[in-house]
Amino acid sequence: MCGIVGFIGNKEKKDVVLSGLKELEYRGYDSAGMAVLNDEEIRYFKAVGKLENLANKMQDESFLGFGVAIGHTRWATHGKPTEINAHPHLGEHSFVVHNGIIENYAELKDELIKEGVHFASQTDTEVIVHLFELNLKQGLDAKSAWEATIARLRGAYATLLISKTAPGVIFFAKDAAPLAIAKDSAGEIFFASSDAALIGVAKEVLYLEDKSHGFASLGEIKIYSANGEIKPAFTALPPDKSYAQKEGYRYFMEKEIYEQSSVIADALMGRIKGSEVVLEGVSDELLGEIDEIILCACGTSYHAALVAGYLFERVARVRCKIAIASEFRYSEPVLNERSLFIAISQSGETADTLEALKIAKAANLKSLAICNVDNSSMVRLADASLLTRAGIEKGVASTKAFATQIITLWLFVLRLASFKGTLRGEALEREITAIKHIPSVLNIGNELQEKIRRISKHYLHGHGFFFIGRDVFYPLALEGALKLKEISYLHAEGYPAGEMKHGPIALADERLFCVVLMPKNLLYEKVKSNAQELAARDANILAISPDEFELSDDFIRTSAQTHYMAEFFEMMMVLQIFALEVSIRLGNDVDMPRNLAKSVTVE
Ligand code: F6R
């Protein structure tokens, strides 16, 4: 979600770090900072907002000559996007930057405070630099102090540290967050959390493995894994920058579809302890006051609300209303002060949802924003907020934002259900196991996309699409239809499978395409008979299911799962790829479809 860079060499360090960060800015930009160590003097700079604010602050600075530098662009997870919370974090004579989440930071922080350490920020990252300096104070040399520090960290990290005690050295470590080291032809050394920042700058790269750490200085890079020292093996970097930003994918939307496994892992990180869900900012007091939930959003976020509505009622046994924000605003709703109003929005700026949130606040409802952008208008306005941690979504058609909204809402449902006692013991553990399993469900290989690509050629004409499903697969059908509409410009509707016979089935003929979501763990037989009714009227059936449907014209097999939400997420990815492949065949601009905007700040 954040971006980090590092440099050891003679070039102008300000330029190297700022241009590296610029390439990573698309991952998050609520604040940025850098630290430079030249001739045993360390200087640092931080600024809130876009990277240009940091560049402006540093416009009169220059750092030529040999030295080391580290930089960071931040997308807040712990602590607000303020200058104090921006990286690098400082100790007495060392600085650190970090991507990821240190899950045991609270425990480490308590220990350090007992040792007399003073903390300036609210971040988890700051523990790294203080732990390192405490290890030095206790007599370890810099390399051993770094190793002892890394040994204490739990969670995910890609981290770089520089210190006056070891000028000319960058200490690094990586586990479950990306980090690469690169070299140019002069042997100068670069670090980055994505090779987007290295392409065009360095010649060769080494992608560090999980649970590795080490030290780099000009002419020497030492890398260690749990099994001892590793011989560095560098490979050539590709020369093309635009290829790098998309990480080899043809479109940002395609990249974002495949990122879903890792952003869902980010959204879960630090929020499950054993079989307990721990959500920052969601207190027992807030939960104790709830006897109804109102979910309100627009577009794809509204579909996430519909999915969550089923979960709130089924799992947490709380009454739930779901509203489209533009309708809610003018419907003169009767509101009850014991309802929790949840606004769901990727951007946090959608005018209709923001106004709906204001109406709820004016009626004295407690409010929660489920949002991807910290410090957005909705996050600032709501009583509490949960960030979805999807990172910046560049494709106009939302994919990973939707996936992380549902995960965050599901976490909230589990937190509420265990607070209310509607879910406990083995049943709670089953849900926790299921939600933790989702990142691996979404680790899908190329064969599936290849299969969908081949099938997609059958769906370029005809007189329209119905996507159908039941329960949570009904809002997924709505979302599949919306994705297809947005980027292919073909007419598509989502419908509850059981509702087709009440009218729309009149449209069924050999030119009607029906995409049928047939999960095995939820109402399989019911959807199957709805699909049979359509097949009997000669409609074209594309069935998506773990079990082959004998009447289908095309069939996409999903994996056998034991929880319907695992099937949900896999089918979500199938539908996203289906829309993408149809759109590509039709020659459309996948990332910037006509007539649409990423953030809709008008009514
Ligand atoms: C569809 C899409 C839109 C948004 C909607 C709400 O792919 O992206 O339907 O979901 O405009 O936007 P947010 O979530 O920013 O409030």
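The values are calculated or read from the model by the stated rules, or taken from the named source; none is laboratory data. Just so we're clear, the structure is a prediction, and the values are computed from it rather than from any experiment. Ideal geometry is used to build each Cβ from the backbone, glycine not excepted, and the neighbour counts take in all protein chains shown. Side chains are part of the model used for accessible areas, which takes the heavy atoms of the whole protein and leaves out ligands, DNA and RNA. Shrake-Rupley method; radii C 1.70, N 1.55, O 1.52, S 1.80 Å.
Annotations
- Residue list for the range 456-466, filter: surrounded by fewer than 17 Cβ atoms within 10 Å (Cβ to Cβ) and either hydrophobic (A, V, I, L, M, F, W, C) or closer than 12 Å to residue 542 by Cβ (or both): 458, 460, 462
- Subset of the range 42-84 [part of a loop (DSSP other than H, G, I, E, B), open to solvent by less than 20 Å² (accessible area, probe 1.4 Å) and touching a helix residue (DSSP H, G or I) at 6+ places or on another chain (Cβ under 9 Å)]: 58, 63
- One residue stands out among those in the range 333-359 that are part of a helix (DSSP H, G or I) and within 28 Å of the chain's Cα centre (by Cα): the one that is farthest from the ligand (Cβ to nearest atom), which is 358.
- Among the residues of the range 491-509, just one is touching a Gly at 6+ places or on another chain (Cβ under 7 Å) and assigned to a helix (DSSP H, G or I), namely 497.
- Comparison of 507, 482 shows that the only residue that is modelled with pLDDT of 95 or more, closer than 30 Å to residue 253 by Cβ and of a type outside the set (Asp, Glu) is 482.
- The set of residues in the range 118-164 being in contact (Cβ under 8 Å) with a residue 40 or more places away in the chain, under 14 Å from residue 104 (Cβ atoms), assigned to a helix (DSSP H, G or I) and of a type in the set (A, V, I, L, M, F, W, C) consists of 150 alone.
- Residue among 306, 287, 279 that alone is part of a loop (DSSP other than H, G, I, E, B), modelled with pLDDT of 90 or more and either within 19 Å of the chain's Cα centre (by Cα) or assigned by TED's automatic domain parsing to the domain that holds residue 393 (or both): 279
- Residue 188 falls short on exactly one of the conditions (1) open to solvent by 20 Å² or more (accessible area, probe 1.4 Å); (2) more than 30 Å from the chain's Cα centre (by Cα); (3) closer than 24 Å to residue 96 by Cα, and that condition is (1).
- Conditions (1) in a helix (DSSP H, G or I); (2) under 25 Å from residue 593 (Cα atoms); (3) away from the ligand (no atom under 16 Å from the Cβ): number failed by residue 480: (3)
- Once the range 155-176 is narrowed to residues that are open to solvent by 10 Å² or more (accessible area, probe 1.4 Å) and under 20 Å from the mean Cα position of the chain (by Cα), the residue that is modelled with the lowest pLDDT is 176.
- Top-ranked residue of the range 353-379 - restricted to ones that are more than 18 Å from residue 405 (Cα to Cα) and of a type in the set (D, E, K, R), ranked as surrounded by the most Cβ atoms within 10 Å (Cβ to Cβ): 366
- Options 527, 590, 516; residue that is buried (at least 21 other Cβ atoms within 10 Å of the Cβ) and modelled with pLDDT under 95: 590
- Scan the range 205-234 for residues that are closer than 20 Å to residue 68 by Cβ and open to solvent by 20 Å² or more (accessible area, probe 1.4 Å) and the total you get is 10.
- Screening 490, 442, 522 for residues that are crowded, with 20+ Cβ neighbours inside 10 Å and within 16 Å of the ligand (Cβ to nearest atom) leaves exactly one candidate, 490.
- Residue that is most open to solvent (accessible area, probe 1.4 Å), among those in the range 536-548 that are over 12 Å from residue 511 (Cα atoms) and of a type in the set (Gly, Ala, Ser): 536
- Flag: residue 411 does not match the condition of being surrounded by fewer than 24 Cβ atoms within 10 Å (Cβ to Cβ), part of a helix (DSSP H, G or I) and within 14 Å of the ligand (Cβ to nearest atom).
- Scan of the range 432-477 for residues that are among the aromatic types (Phe, Trp, Tyr) and in a helix (DSSP H, G or I), ordered by number: 459, 473, 474
- Search result, residues across the range 1-24 that are part of a loop (DSSP other than H, G, I, E, B) and either without any contact (Cβ under 8 Å) to a residue 24 or more places away in the chain or closer than 22 Å to residue 262 by Cα (or both): 1, 2
- Any hit, the range 589-598, residues being more than 16 Å from the ligand (Cβ to nearest atom) and of a type in the set (Val, Ile, Thr): no
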